[in-house]
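One structure is given here, and the rest of the page talks about it.
The values are calculated or read from the model by the stated rules, or taken from the named source; none is laboratory data. As the structure is a computational prediction, the values presented were derived from the model and not from experiment. Don't worry about glycine lacking a Cβ; one is built from the backbone with ideal geometry, like all the others, and counts go over all protein chains shown. The protein model used for the area step is the full one, side chains on, heavy atoms only, and it has no ligands, DNA or RNA in it. Shrake-Rupley method; radii C 1.70, N 1.55, O 1.52, S 1.80 Å.
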Amino acid sequence: MLDRPQLEQGLSNEDVPSSVDQDLVADDKAKDKGWRRPLGWLRRAGQFFFALSFSSLTRRIVSLNLAGLVALVASILYLSQFRAGLIEARTQSLLVYAEIISEAIAASATVEGNTITFDANNFNDLKLGESYGAPDDSADFPINPERVAPVLRRLIAPTKTRARIFDRDGGLILDSRNLFARGDVLRFELPPPSEKPSFFEKTKTAIKTWFNRGDLPVYRELGPEGGKGYAEVGQSLEGMKSSMVRVTERGAVVVSVAVPVQHFRAVRGALMLTTQGDDIDQMVTSERLAILKIGGVASAVMIMLSLLLASTIAGPVRRLADGAERVRRRIQTRVEIPDFSRRRDEIGHLSGALRDMTNALYSRIEAIEMFAADVAHELKNPLTSLRSAVETLPLARNENSRQRLLAVIEHDVKRLDRLISDISDASRLDAELQRNDMAPVDLRRLLTTLVGVANETRLGHDVAVEARFEGRSSTDTLSVPGHDSRLGQVISNLLSNAQSFSKPGQKVRIVCRRVRSEIEIVVDDDGPGIGEDALERIFERFYTDRPHQGFGQNSGLGLSISKQIIEAHGGRIWAENRHGPADEDGKPTVTGARFVVRLPALL
């Protein structure tokens, strides 16, 4: 089996030792492992960004950030001052250049020859001090195209402008577009053949026109006799230089200036310079492309930053949602919510709140499970005793035995009734406290009423109860927010316990006072006190420590329910012993038990 691949290659076992094969295989595995590690990293990164890209929160963050950036870039493109400054600079340069060309044209556009013809008959009519010099404004000095054309061609050739010369009536004399490069021959260009633009060209032209148009007028080509149709030409024929910015139907910006051609301060015509092509648009387009490039780079950076921001928000939120879903399904015994509480932001606060809520939920579940177990245990004891008594009753031989069994059955039935009543009260306590709204409770009036009831009934004990309220005056309010019936249940339970542990003729004292922002209620008795090991256990469910009473006379839920009610009101309850003088061994004696209740005061 091992030699077959080697035989197929024409090799033997002796040619290639097995150790070499093992080394080659190990090298291949190392290479594969070296390649797989970065591929695994790339795969995990791809999965992360793929899952992140499908997050609704991520899409919203990226979209909103990009929307703001796109709006900023669009506003910069639309409101950019570069185009206005460029047009202004172009206009000023054209005006200066037009004045130079106008002076050159005026110097060469006189009548033929340099001589001046005058009328000898009028020579004798000259008055003293007058001379016969330059002709006045009424003399006709037309612009000679043959003499102006070479000058105009040489001055316009290096530029990308179009020059037109109009006479005083607005008629076209020369157009630099119609001059040959050589000679002074005039030419007339035919309009280009019209081709139907494509959809892309139409869209491009529409966008370009929308960006460039603004409030600019449309440039239209006028005929040879329509020079005065140009506003700047009409103003220049009146002796003023003027400029105008227009836009063509294809969206190209056209800057035109016109200056008068003067000879001896007389306007002989007008020179109009117009930009040709889209040199201004090319510069503006280059500037806008640079802005778009910067916007593209900023968009890429914005997307990466948005994804990183989303990963710090959407990722933890998704993990918290998954943890809450696992808690709802409770696949495991106890599911932990991811801990982001170290983050000092809303995500950390949300994580801490969810963890606290989950812990409270698990604590409540465990408490319910323990309560059910305790209930089952407490109900099982009287049921077992009752069953034994019922099974033994038919076997009783005399009337005394039958009466004792019937007494046991009656005792167990009463015990079951008491347990079921207390269990029912404890089970619906949470729901009742959550369902009913808290209201101000006047503890002065509540305690006075409860003390009066306790003194009237005495509950089978000859133990009186007295109350004392400590404060600056008898009108001080001792109010707390809560449920008066449940708080009354707590006080009644404490008074009943104190009376049951007191001897006949003794007193139970209750004191109510304000301690800073809390109201304190203290119940003292003169009984035997509480064992040190039972100070905490007496608040547990079904725990009872009454040596002076028979077994089963108490359900052990009174103090547990009291603690549950007080904690639901945001307060505390604890038990302690009252100590008196030291005994012979130097240890303090116990003179009674004390229960302390503190509730938040109503501000």
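Taking 0.36 nm per residue of sequence separation and subtracting the Cα-Cα distance, how much length would be gained by fully extending the chain between Ala376 and Thr477, in nm to one decimal?
Going from the current span to full extension adds 31.9 nm.
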* Would you mind classifying region 208-346 by shape? Square roots of the alpha carbon gyration tensor eigenvalues, ordered a ≥ b ≥ c; an a/c under 1.5 is rounded, otherwise it is prolate if a/b is larger than b/c and oblate if not. => prolate
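How compact is region 298-428 by the rule of thumb for globular proteins, expressed as Cα Rg over 2.2 N^0.38 Å?
Numbers: Rg = 28.7 Å, N = 131, 2.2 N^0.38 = 14.0 Å.
Expressed relative to 2.2 N^0.38 Å, the Cα Rg reads 2.05.
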* Asked: In nanometres, what is the gap between the two model label sites at Leu66 and Ala360, each 7 Å from Cα along Cα-to-Cβ?
  -> 4.2 nm
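Please work out whether region 273-360 counts as rounded, prolate or oblate from its C-alpha gyration tensor, where a ≥ b ≥ c are the square roots of the eigenvalues and a/c under 1.5 means rounded, while otherwise a/b larger than b/c means prolate and anything else oblate? If you can, show how the numbers build up before the last one.
Values: a/c = 7.24, a/b = 4.72, b/c = 1.53.
Prolate, since a/c reaches 1.5 and a/b exceeds b/c.
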* To do: List, in the order given, every pair from Lys414/Lys563; Lys380/Lys503; Lys414/Lys503 whose Cα-Cα distance in the structure shown is over 30 Å.
  => Lys380/Lys503
* **Surface accessible to a 1.4 Å probe, Met357 within the full protein complex, Å²** => 120 Å²
* Asked: Once you charge only the Cβ atoms, +1 for Lys and Arg and -1 for Asp and Glu, what is the size of the charge dipole of region 367-421 about its Cα centre, to the nearest 20 debye?
  -> 260 debye
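Determine the share of region 463-603's accessible area contributed by carbon and sulfur atoms, expressed in whole percent, with a 1.4 angstrom probe. Mind showing how you got there, number by number?
On the way: 3430 of 7070 Å².
With neighbouring chains kept in place, the figure for region 463-603 is 48 percent.
In terms of solvent-accessible area of protein heavy atoms at a 1.4 angstrom probe, what is the ranking of Tyr543, Tyr362, highest value first? Working shown, then result.
Numbers: Tyr543 50, Tyr362 10 Å².
Sorted descending by solvent-accessible area, the residues read Tyr543, Tyr362.
By per-residue mean of other Cβ atoms within 10 Å, what is the highest-first order of 153-159, 566-572?
Numbers: 153-159: 13.7, 566-572: 17.0.
Descending packing order for the listed peptides: 566-572, 153-159.
So with the 1.4 Å probe, I'd like the accessible area per residue for region 357-423, rounded to whole Å². Spell out each step's value before the answer.
Values: 4620 Å² over 67 residues.
Computed with neighbouring chains in place, this is 69 Å² per residue.
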* Asked: Looking at Ser256, Leu379, Tyr362, which one has the Cα that reaches farthest to the positive end of the dipole of region 250-391 (charges on Cβ: Lys, Arg +1; Asp, Glu -1)?
  -> Ser256
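Does region 560-603 classify as rounded, prolate or oblate by the C-alpha gyration tensor (a ≥ b ≥ c root eigenvalues; a/c under 1.5 gives rounded; else a/b over b/c gives prolate, otherwise oblate)?
Values: a/c = 5.46, a/b = 2.83, b/c = 1.93.
Because a/c hits 1.5 or more and a/b exceeds b/c, region 560-603 counts as prolate.
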* region 562-589 and region 406-443: distance between their alpha carbon centers, rounded to Å -> 25 Å
